[in-house]
Amino acid sequence: MKFNIVKQFYRAIADIKYKKAQKHKSKYKKITSVDELKKETLLDYHDLSELDLHDYKDLFMYIPQTSMRISGISGWTTNVIWPSPDKMPKGFNPNKILEQAKYTQRIDATGKGINIAVIDNMLDITNPEYAENIKYFQPIKEKGILPNKHASMVMGNLCGKNTGIAPDVNVYFFSKLVYQNRNSNNKELCDILRNVIEFNSKQPKGKKIHILSCSWGVRKQYSPEVCELLSQLQSNGVKIILCSSNDDKNNSYTLSGRDFMPCNNPNMTDIQPDIQNEETVNNLNKLYQNEPDKIIGIPTNMKTTPLESDGWQYRIFGGESSSAPYIAGVYACALEGNQLFMTRPNWQSELNDILKSTATITDDNNYIINPKGIREQVSQIVKQMELSISKTNLQQTY
């Protein structure tokens, strides 16, 4: 009798989710075998109710030192229809995992008073997790472009009420299409960056952009005009954060995979950088064999962020797309109340140096970002600046 009630309960949940999908004009994909399931990555509108997953717990768990493809599913959303408990792996509760991963480790600052521009895919600006942060929104000109999971993930990591490192930052959001090819992408990015520059030029002092966060990358070799516009923004006092490549390393706005590798454990208890297989390790060693820089771990794995419209998405693996908004939020927290720091000649590159110098080191000589340490060092520099200004004013008085 109890078993029948449970089955009826899960059938009722499935009916509710199907109706919700119809309302959002989405369709469920019925998965009828484990082999079929293994071909999927992020589970969203997937109906798994007919599967017996009792012996397949590893398919949904993070496995260090393996690639995402070998490890299995990369994540899931609240839209998934799961099998009843008797057909699920022992100890595996996807809804509980998703709920527990709605967090971030915050410091005694929230980014209040700092303005961050974000360029990313189409965003649902009504999502309550970050709606209040959006002070300006430039949509995509093309009609019929739907909100995107990537954009909501970026905003969730940056300023989500539950999931963001800097929940009080002001966000200026500029929408872009999903990447199609380099030429069309470069043209669109140039148009958007010109809009950003024009927008920023019209803002009063307190509302100008402090940081630009981009979860995408460009190379000077292929995108010289894009890089020139980014440099123009930087010269106008904007800290630019990109997921970029090694050939741009001389620019302070460039992030490379070596500097910003995601961390295995978002609780920051496991600091081993997320190097997923031997081939990746060998490639990194070849690429950076002449560079003394440290690999800085960023807590982007095993985190829940908002979904594009409503609901949530849990991702086992983060990456540079998750790292960029997180780092932007960390810098916003460091600059809160410390805006004087941004009058320093090379403050953008100085922030990068502070990130590296304050990184926490483990017994295994691995490093992880230290948001509290970054803020403390920036605050200390500002105190010294204020003291110097006071002494100068005093001397001028006499």
Q: Could you tell me whether any residue of segment 303-324 is modelled with pLDDT of 90 or more, surrounded by 20 or more Cβ atoms within 10 Å (Cβ to Cβ), of a type outside the set (Ser, Thr, Tyr) and over 23 Å from GLN100 (Cβ atoms)?
A: yes
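Does LYS383 satisfy being of a type outside the set (Asp, Glu) and at pLDDT 95 or above? If you could, list the steps in order and put the result at the bottom.
Numbers: of a type outside the set (Asp, Glu): yes; at pLDDT 95 or above: yes.
It is true that LYS383 is of a type outside the set (Asp, Glu) and at pLDDT 95 or above.
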Q: Of the numbered conditions (1) part of a loop (DSSP other than H, G, I, E, B); (2) modelled with pLDDT of 90 or more; (3) out of contact with any Lys or Arg (no Cβ under 9 Å at 6 or more places or on another chain); (4) of a type outside the set (S, T, N, Q), LEU98 fails exactly one; give the number of that condition.
A: (1)
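Can you find, within segment 304-323, the residue that is nearest to VAL118 (Cα to Cα) among those that are part of a strand (DSSP E or B) and of a type in the set (Ser, Thr, Tyr)?
Quick first cut of segment 304-323, residues part of a strand (DSSP E or B) only: 304-306, 312-315.
Going one step further and asking which of them are of a type in the set (Ser, Thr, Tyr), we end up with 304-305, 314.
Working: THR304: 20, THR305: 17, TYR314: 22 Å.
Selected residue: THR305.
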Q) Does segment 381-397 contain any residue that is under 26 Å from ILE295 (Cβ atoms), over 19 Å from the mean Cα position of the chain (by Cα) and surrounded by fewer than 22 Cβ atoms within 10 Å (Cβ to Cβ)? A) yes
Q) Is there a residue in segment 95-112 that is surrounded by fewer than 22 Cβ atoms within 10 Å (Cβ to Cβ) and in contact with a Leu (Cβ under 9 Å, 6 or more places away or on another chain)? A) no
(Q) Consider segment 166-189. How many of its residues are modelled with pLDDT of 95 or more and more than 15 Å from LYS141 (Cα to Cα)? (A) 7
Q) What residue, of GLN380, GLN348, is touching a residue at least 12 places away in the same chain (Cβ under 8 Å), part of a helix (DSSP H, G or I), in the same structural domain as TYR172 (by TED's automatic domain parsing) and out of contact with any Leu (no Cβ under 9 Å at 6 or more places or on another chain)? A) GLN348
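Give the residue that is modelled with the lowest pLDDT, with candidates limited to residues of segment 356-380 that are polar (S, T, N, Q) and surrounded by 15 or more Cβ atoms within 10 Å (Cβ to Cβ).
Taking segment 356-380 first, the residues polar (S, T, N, Q) are 357-358, 360, 362, 365-366, 370, 377, 379-380.
This time we only want the ones that are surrounded by 15 or more Cβ atoms within 10 Å (Cβ to Cβ), so: 358, 360, 366, 370, 377, 379.
On the way: THR358: 92, THR360: 87, ASN366: 69, ASN370: 92, GLN377: 98, SER379: 98.
Per the stated criteria, the residue is ASN366.
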Q: Please identify the pairs in which a residue from segment 201-225 that is small (Gly, Ala, Ser) has its Cβ atom under 6 Å from the Cβ atom of a residue that is in a helix (DSSP H, G or I), counting only partners at least 6 apart or on another chain.
A: SER213/ALA324; SER213/PRO325; SER213/ALA328; SER215/VAL154; SER215/SER321; SER215/ALA324; SER223/ASN186
Q: State all residues of segment 15-35 that are under 24 Å from ILE316 (Cβ atoms) and either touching a strand residue (DSSP E or B) at 6+ places or on another chain (Cβ under 9 Å) or not in a helix (DSSP H, G or I) (or both); if no residue qualifies, say none.
A: LYS17, SER26, TYR28, LYS29, LYS30, ILE31, THR32, SER33
Q | Residue count for segment 183-230, restricted to those that are surrounded by fewer than 15 Cβ atoms within 10 Å (Cβ to Cβ) and small (Gly, Ala, Ser) | A | 3
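The values are calculated or read from the model by the stated rules, or taken from the named source; none is laboratory data. Every value quoted in this text rests on a predicted model; they were computed, and no experiment measured them. Counting neighbours? That spans all protein chains shown, and the Cβs are built from the backbone with ideal geometry, glycine included.
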